[in-house]
Each structure stands twice: as C-alpha cells, then as structure tokens.
Amino acid sequence: MKPLDGCVVLVTGGGRGIGRSHCLELAALGAAVVVNDPGVGRDGTGGGEGPAAEVVTEIERAGGKAIAHTGSVALWDDVADMVATAVSTFGTLTGVVNNAGIVRDAMITSATEADWDAVIAVHLKGTFAVTKHACDYWRSQAKQGNQVDARIVNTVSGAGLWGNISQSAYGAAKAAIANLTVVTAMEMRRYGVAVNAISPLAVTRISEDFFGGAAAEDPALDPGRSSAVVAWLQSPESSWLTGQILRINGDRLSRITGFTEAAACYHAKDGVSLQFSELGQAVSWLWGALPRGLAGPLPTI
C-alpha cells in the first residue's frame, strides 16, 4: 500500500517546473493524476500538448496512472471538463492542486490592462474556477450521502505575502488566493474538504528573472522541494489541517500566520471618535516614533 492509493488529484500547470514535480511525486505515492497544462509560454501565449503529455508518459513508464488535459484554467468550460474528465476516467476526484500561473512583470506605470487581465485570469480566476467546479462535485457527493474526504492545495508566493517590485498583478492575485484559501476552508469544512496553500521558494520559468541565472544551480531552490509537502496535504493524514499556508524554503517548513492586529492601540482623546487633529500623534505612536515638537505624554492604551 502506498500513502496516496485511491487518491485522484488534478494538478493545474502540471507540465513543467513545480507542477511537474508535484505530478511525479503524487503518482509515485500512488495517486492517479490529471496533468493539466495548455503548454503556454511564461507570459501565457502560445500553447501545445507536449508538456502535459510528456509528464503523463513519464508517470506511466514508472508504473503510475495519469491522463493529460490541455484546457485553460481561465476558461470556465475547460475547467468544468477537467473535473468531469477526472471523474469519468478514474471514478472520483479526491484532490486539486492549483498551481497554474503566468507572469507579465511590469512597474505599475508601465503595466497594461491586457497584462493585468491575463495574469489575474490565470492565477486568481483560474484558482477560483477549479476550486468552484471541484467543490460543486464534492458538495453534490455529500448531499447524496457519500462520505467526502477531499483536499485542495493552492499556491501563493512571497510576492503576494510581502510584495515585490514590478509584480502588482501577480502579487495581488497571490494575496487574493491566500484569502480565497481561508474562505474556501471555512465554507467547505462541513462537506469534508480541507483547503490549504503552499508558498514555495524555487527557481522556475516564472521566478527565474527574480533569482538570476546562478540561482538555478542552487539545490535549495529546486522546483521539487515543495512536492512532498503537497503530497502530504493530499493525503488523508492531513485532513485535520485546513485554512493554513505553509512556506517551503529549501529544507525549512514554516507556518504563515497572515495579517495580524498589533497588541497596542490608541484610543481617541474624547473617548468617542478619532479626530483629524490627533491622528499625526496617534499614528506616529503606533509606529514607535513621535513627531517633532510633540509635548506631553500620549494617552494610555
């Protein structure tokens, strides 16, 4: 018995880089894999069947089970077909790995509407579309009285968690996916679906400009570093964990805690409502600095 025997997992962007590593790891541990990849370039243009088909061949040669799907996550009907194909081929769907992505990096003053729309469509709409269709299937199964034990793994990044110059669209999409992870976890827990995200640090086609050429030789930035984590998150052993983000940096695994409210707070002087005249003092105090010429103590918290 392998730990993922009986699992059927749809992996988007599974033809190259991190997605390819996920597919190979999942299959090696017993899962049947739907390898989704339209074969587009890193900017979302072009396309072809090659990347997805090659991964399927690699899995089958190793004795695993897989099929290719070349639809786009940005197209609603394509996504519906991905889920339907998984179920019709393997009899069920137990998990999704939302990994597909493109980049069109540009400073805000140079970015175009088309660039913004393309990146948001693949990352954010694509993650939502796959999540939506998979959740519809699992909710239907639960409503029919079938026991559901399913898992979604989304992909976020440091650009979404902490920001990165020239990646307004990519960063905004990844930040939104982090929140989508939490919301989906809240809504789908009742139906037996666990939803988490990973933030992998790796050199891929998308990130190679950020890291530079020399980083490609660093084993700590190998695209496969996060795949064991994804496989575990697709296993029944992980079903208790939901609504979380795990960061993978080389051999390090850490938890991302998200937005938090600082313990210190400033109260309005009149005890009713903040006034414009006191906000310079209040905000400076919150950030640990006092404006020049400020006399007297600040109000206690």
Accessible surface of the chain, 1.4 Å probe, proportion on carbon and sulfur as whole % | 54
For the chain, give the share of DSSP beta bridges that are antiparallel, in percent and rounded to the nearest 5; count only bridges with both residues there.
-> 15
Going by average Cβ neighbours within 10 Å, how do the peptides 251-260, 190-199 rank, with the highest at the top?
-> 190-199, 251-260
Express in nm, to one decimal, how much length is gained between Q144 and S277 on full extension, taking 0.36 nm for each residue of separation and deducting their alpha carbon distance.
-> 41.8 nm
Report, ordered by chain and residue number, the lysines lying within cross-link reach of K125, taken as a straight Cα distance under 20 Å and ignoring same-chain residues fewer than 8 apart.
-> K174
The lysines whose Cα lies under 23 Å from the Cα of K2, excluding any fewer than 8 residues away in the same chain, are K65
Solvent-accessible heavy-atom area per residue, rounded to whole Å², over the chain at 1.4 Å = 51
Treating the angle as unsigned and between 0 and 90°, give the value, to the nearest 10°, between the Cα long axis of helix 50-61 and the longest Cα principal axis of the chain.
-> 60
With a 10 Å radius around each residue's Cβ, average the other Cβ atoms per peptide and rank 11-17, 74-80, 242-248, highest first.
-> 11-17, 242-248, 74-80
Whole-angstrom gap from the stretch 9-88 to the stretch 148-185, using each part's C-alpha centre = 20
Between L241 and A106, what is the FRET efficiency for a Förster distance of 41 Å, r being their Cβ-Cβ separation, to the nearest 0.05?
-> 0.65
Mind pulling the angle between the C-alpha long axis of helix 276-286 and the longest principal axis of the chain? Nearest 10 degrees, somewhere in 0 to 90.
-> 60
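The values are calculated or read from the model by the stated rules, or taken from the named source; none is laboratory data. Keep in mind the model is a prediction, meaning the values are calculated, not measured. Glycine gets a Cβ as well: all are built from the backbone with ideal geometry, and neighbour counts include every protein chain shown. For the accessible areas, the whole protein counts, side chains as well, though only heavy atoms, and no ligand, DNA or RNA atoms are used. Shrake-Rupley method; radii C 1.70, N 1.55, O 1.52, S 1.80 Å.
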